[in-house]
Amino acid sequence: MMLNLQFYSPEEEVFYPVFEQKNIRLFVKRDDLIHPFISGNKWRKLKYNLLKASANQQNHLVTFGGAYSNHLLATAAAGSKFGFKTTAFVRGEEVNNSLLSLCKIHGMHLIFTSRDAYKNKKQLFDEHFSHNPKAYFIDEGGAGKEAELGCREIITELKQNYDYIFCAAGTGTTSAGIINAIDLNKLDSIFVMVPVLKGGIFLKNDIEPLLINNSNYLLLDQYHFGGYAKTTPELIQFIKDFTSKTGILLDPVYTGKAMFAIQDLAQQDFFKANSKILMIHTGGIFGILGMLDKF
Ligand SMILES: *Cc1c(COP(=O)(O)O)cnc(C)c1O
């Protein structure tokens, strides 16, 4: 199988009042433009998994996620595009929603799994696929070494240098790839990780095994807005304002929180004048469709 893995993700300068007032330049790495459903960092995390499966002659991707997982939809859409069968173990009792419908349209087979059984993913895989040499295991959220490797390319593709690079974090795998690439390429950029869940400081421990060196980076744990997938009127108001003035759509779960952090720090004069800041737009735009009633 030939995989054509060329995708479009430009770096764009974006103009928004607070940055202009403070003489700061904001750029966005548009990983959201990679694909409507294999979006952003989920593509980065899948890429080396697809290459490995393909090299092993395995044509059936088997993965795991919750009923609203961007990773499930990305895997379904990547499977149909690149000629893999796809199966997902979905956490919890059977439900239907627009994300799962899109997974099914892309040909993904869904197996709803009790929360208890879901905890042991290797066992689930073995129970259903140990007899099937064509099946390739991809962990929940695409996590793993291949994912970290793919995320390094967000940095190696960059065409200019930045003082700060910001990214929203869930598991921190994407951040680990970014930190490693900054380190390996000896860039001066300061990486700032914005956890979207409460207690995000623990991500430091989670990503440590993925880091090549003991690199410096910042983790800001005050921009979770109540926790994973939680929002506040202030966050929603900011997303509306930002999108209406820039044309760049942010989602309330990940990218909205990261961009909020950047503008909040700019307001507080955290950045020196003439700083260049890059926000990694990790995609996830589909997530906004389930939350439109908040806007
Ligand atoms: C999954 C996801 C993230 C989180 O990535 P991690 O590698 O788990 O930190 C960030 N942004 C978007 C849009 C996502 O879908």
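The values are calculated or read from the model by the stated rules, or taken from the named source; none is laboratory data. All figures in this text were calculated on a predicted structure; none of them were measured in a lab. When we count neighbours, we look across all protein chains shown, and the Cβ atoms used for this are built from the backbone with ideal geometry, even at glycine.
Structural remarks
- If you go through the stretch 39-58 and keep only what is assigned to a helix (DSSP H, G or I) and within 13 Å of the ligand (Cβ to nearest atom), you end up with 40, 41, 42, 43, 44, 45, 46.
- For the stretch 19-59, filtering for residues that are more than 14 Å from the chain's Cα centre (by Cα) and more than 15 Å from residue 3 (Cα to Cα) leaves 10.
- Residue tally, condition surrounded by fewer than 16 Cβ atoms within 10 Å (Cβ to Cβ), of a type in the set (Ser, Thr, Tyr) and farther than 22 Å from residue 284 by Cα, over the stretch 205-246: 1
- Residue in the stretch 128-136 that is surrounded by fewer than 19 Cβ atoms within 10 Å (Cβ to Cβ), part of a helix (DSSP H, G or I), in the same structural domain as residue 76 (by the TED database) and away from the ligand (no atom under 16 Å from the Cβ) present: yes
- Of all the criteria given as (1) of a type in the set (Lys, Arg); (2) over 30 Å from residue 244 (Cβ atoms); (3) assigned by the TED database to the domain that holds residue 271, the one not satisfied by residue 30 is (2).
- Test result for residue 212, in contact with a helix residue (DSSP H, G or I) (Cβ under 8 Å, 6 or more places away or on another chain) and either in a helix (DSSP H, G or I) or touching a residue at least 40 places away in the same chain (Cβ under 8 Å) (or both): no
- Condition check for residue 266: in a helix (DSSP H, G or I), within 11 Å of the ligand (Cβ to nearest atom) and closer than 23 Å to residue 161 by Cα: no
- Selected residue [aliphatic (A, V, I, L, M) and either out of contact with any Ser or Thr (no Cβ under 8 Å at 6 or more places or on another chain) or in a loop (DSSP other than H, G, I, E, B) (or both)] from 61, 100, 124: 100
Conditions (1) out of contact with any helix residue (DSSP H, G or I) (no Cβ under 7 Å at 6 or more places or on another chain); (2) closer than 16 Å to residue 250 by Cα, marked per residue:
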| position | (1), (2) |
| --- | --- |
| 3 | no, no |
| 21 | yes, no |
| 27 | yes, yes |
| 30 | yes, yes |
| 45 | no, no |
| 66 | yes, no |
| 76 | no, no |
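- The listed residues are 186, 204, 159, 198, and the only one of them that is over 17 Å from residue 29 (Cα atoms), assigned to a loop (DSSP other than H, G, I, E, B) and either in contact (Cβ under 8 Å) with a residue 60 or more places away in the chain or within 16 Å of the ligand (Cβ to nearest atom) (or both) turns out to be 198.
- Just one residue in the set 22, 47 is of a type in the set (Lys, Arg) and outside the structural domain of residue 124 (by the TED database); that residue is 22.
- Answer from 176, 168, 181 - the residue that is within 13 Å of the ligand (Cβ to nearest atom), in a helix (DSSP H, G or I) and in the same structural domain as residue 230 (by the TED database): 176
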